[in-house]
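The values are calculated or read from the model by the stated rules, or taken from the named source; none is laboratory data. Predicted model only: the values in this text are computed from it and were never measured. No Cβ is skipped: glycine too gets one built from the backbone with ideal geometry, and neighbour counts run over all protein chains shown.
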Amino acid sequence: MMRIQLPVLAVAALVGICNQACAEAQCPELIRLRHETAMASKQTIGVPTSQRCESYNRVSTAWDAVVQYAADHREACNISSASLDDLEKYHRGALEARDNVCAGRPARPFPPDIIQR
């Protein structure tokens with residue numbers, strides 16, 4: 001269940017950012033990078049445990065490319081501060097998920113009501 005939530009959230013975030021940035025005609029490279037990020041996120045679903053770290057590493061690298069491009073081309077692509085902040089937040093989330101998966105933990109921590117002592 002947790003493995004499915006990350007890609008779904010990432011794709012939903014990408015759709016929201018597409019609407020916020022309104023840069024489709026101006027920045028085809030940003031669109032390509034966001035598409036690659038969405039594809040990398042989808043590829044984490046059903047990945048064998050032995051390949052999960054590598055898969056999440058690709059997602060975090062893809063998010064890094066999106067953030068770097070957006071920051072470097074902020075004015076040309078008409079990217080708002082809020083949109084850039086959102087991109088950075090999703091990148092941090094991808095890094096956290098990657099670190100957790102590569103350490104053998106779930107991508108996202110379990111909510112407190114699930115943990116029984």
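State yes or no: is A107 among the small types (G, A, S), at pLDDT below 95 and either surrounded by 12 or more Cβ atoms within 10 Å (Cβ to Cβ) or in contact with a Phe, Trp or Tyr (Cβ under 8 Å, 6 or more places away or on another chain) (or both)? Answer is yes for this residue. So which of D64, D72 is within 15 Å of E29 (Cβ to Cβ) and within 14 Å of the chain's Cα centre (by Cα)? Only one candidate passes the filter, namely D64.
Considering the stretch 75-84, and only residues there that are exposed (fewer than 13 other Cβ atoms within 10 Å of the Cβ) and assigned to a helix (DSSP H, G or I), the residue that is nearest to the chain's Cα centre (by Cα) turns out to be A82.
For V59, state whether it is touching a residue at least 12 places away in the same chain (Cβ under 8 Å) and either under 24 Å from P109 (Cα atoms) or not aliphatic (A, V, I, L, M) (or both). Yes: the conditions hold for V59.
Determine which single condition A12 fails, assuming it passes every other condition in (1) modelled with pLDDT under 95; (2) small (G, A, S); (3) more than 21 Å from P109 (Cα to Cα). Going through the list (1) modelled with pLDDT under 95; (2) small (G, A, S); (3) more than 21 Å from P109 (Cα to Cα), A12 breaks only (3).
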